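Heads up, the thing below is written out as structure tokens.
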């Protein structure tokens, strides 16, 4: 099954690449099946088994997601956008868009409220499959440690006071209506102006979404003895005035001093555990007494956690001068 999850993940990436490049011919099932080296029937069945939907439905949702971002971020004509993503007319595009998002393209352009995008599925997730970093490859990148001042901003998120770790967080959130991973990631993906979004429409861009830990008395005691609530969300500009989805909350994070522990790019499948151990060791052994700073455990301060294997693994922890 793991090999099929890896194969379907490669098709997901291929779908987004061809949508972006407008290679509609490569999005035909026969060509996608040939790309993977299996029959159309077998690929279609496995795609549905792993993703929970027909491939044709996934293709339609992904094209609509790309189109929504173009409507949100450009002044291009709606008909031109519709044609680019394979819709035969303005009317056909409007029907499909409204069915997916509950609003018409023109209404959305005038009032881009958060909607649940069909974000790229990730069937091959080392964390959820429990196979991350099981190889023996040795990492050669060192841990960079530096202090940084982060300007005031807002943090739009959901939080959990009982979870421990990424997998447990989403397991618990899945039991809360409207707070499952697919819904939350889809909502966050539709929001414009995320401070950490570097990828636009690409499948593996991260979309500015990250885990965080908020100093809260009601939270679980973490490994370094601080009560923390786990959170998942996006950082937004301080002047963000957009709509806040009802299942989320937004907080203002004042300007503050932070220490960053950062590892460079790494191989997700073979080095994940190695990098995690290296960065945990660096954080544990760092001598704050020689730096003039100490961890700031004041209520409301936020720890940010970035996990993007193509760029870095990074913890950003709040500090204060001694």
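Residues to consider are 219, 193, 208; find the one that is farther than 22 Å from residue 162 by Cα, without any contact (Cβ under 8 Å) to a residue 60 or more places away in the chain, buried (at least 17 other Cβ atoms within 10 Å of the Cβ) and touching a strand residue (DSSP E or B) at 6+ places or on another chain (Cβ under 8 Å).
208 is the lone residue from the list that is farther than 22 Å from residue 162 by Cα, without any contact (Cβ under 8 Å) to a residue 60 or more places away in the chain, buried (at least 17 other Cβ atoms within 10 Å of the Cβ) and touching a strand residue (DSSP E or B) at 6+ places or on another chain (Cβ under 8 Å).
For region 18-56, give me the residue count where each residue is under 26 Å from residue 103 (Cα atoms) and out of contact with any helix residue (DSSP H, G or I) (no Cβ under 9 Å at 6 or more places or on another chain).
1
Please find, within region 232-245, the residue that is nearest to residue 305 (Cα to Cα) out of those that are surrounded by fewer than 19 Cβ atoms within 10 Å (Cβ to Cβ) and touching a residue at least 24 places away in the same chain (Cβ under 8 Å).
If we take residues in region 232-245 being surrounded by fewer than 19 Cβ atoms within 10 Å (Cβ to Cβ) and touching a residue at least 24 places away in the same chain (Cβ under 8 Å), then 237 is nearest to residue 305 (Cα to Cα).
Output yes when any residue across region 35-44 is buried (at least 18 other Cβ atoms within 10 Å of the Cβ) and modelled with pLDDT of 80 or more, and no when none is.
yes
Identify, by number, the condition in (1) without any contact (Cβ under 8 Å) to a residue 40 or more places away in the chain; (2) over 18 Å from residue 195 (Cβ atoms) that residue 282 doesn't meet.
Residue 282 satisfies all of (1) without any contact (Cβ under 8 Å) to a residue 40 or more places away in the chain; (2) over 18 Å from residue 195 (Cβ atoms) except (1).
Has region 217-226 got at least one residue that is modelled with pLDDT under 85, touching a helix residue (DSSP H, G or I) at 6+ places or on another chain (Cβ under 6 Å), farther than 20 Å from residue 172 by Cβ and outside the structural domain of residue 65 (by TED's automatic domain parsing)?
Just the residues of region 217-226 that are modelled with pLDDT under 85, to begin with: 217-226.
Keeping just the survivors that are touching a helix residue (DSSP H, G or I) at 6+ places or on another chain (Cβ under 6 Å) gives none.
No, region 217-226 contains no residue that is modelled with pLDDT under 85, touching a helix residue (DSSP H, G or I) at 6+ places or on another chain (Cβ under 6 Å), farther than 20 Å from residue 172 by Cβ and outside the structural domain of residue 65 (by TED's automatic domain parsing).
Mind telling me which of the residues 138, 154 ends up being over 28 Å from residue 55 (Cα atoms) and modelled with pLDDT under 90?
On the way: 154 fails: modelled with pLDDT under 90.
From the options 138, 154, the qualifying one is 138.
Please find, within region 255-271, the residue that is surrounded by the most Cβ atoms within 10 Å (Cβ to Cβ) out of those that are more than 22 Å from residue 284 (Cβ to Cβ) and either free of Cβ contacts under 8 Å to residues at least 40 places away in the same chain or touching a helix residue (DSSP H, G or I) at 6+ places or on another chain (Cβ under 7 Å) (or both).
Result: 268.
Mind checking which residues of region 267-305 are over 23 Å from residue 230 (Cβ atoms) and under 26 Å from the mean Cα position of the chain (by Cα)?
Result: 267, 269, 270, 271, 274.
Out of the residues in region 171-190 meeting the condition of being within 14 Å of the chain's Cα centre (by Cα) and not in a helix (DSSP H, G or I), tell me which one is surrounded by the fewest Cβ atoms within 10 Å (Cβ to Cβ).
Only one residue tops the list, namely 180.
Could you tell me whether residue 97 is under 22 Å from residue 191 (Cα atoms) and either in contact with a strand residue (DSSP E or B) (Cβ under 9 Å, 6 or more places away or on another chain) or in the same structural domain as residue 14 (by TED's automatic domain parsing) (or both)?
So residue 97 fits the description; yes.
The values are calculated or read from the model by the stated rules, or taken from the named source; none is laboratory data. Bear in mind the structure is a predicted one, so any value in this text is a computation, not a measurement. FYI the Cβ positions are ideal-geometry reconstructions off the backbone, even for glycines, and counts take in every protein chain you see.
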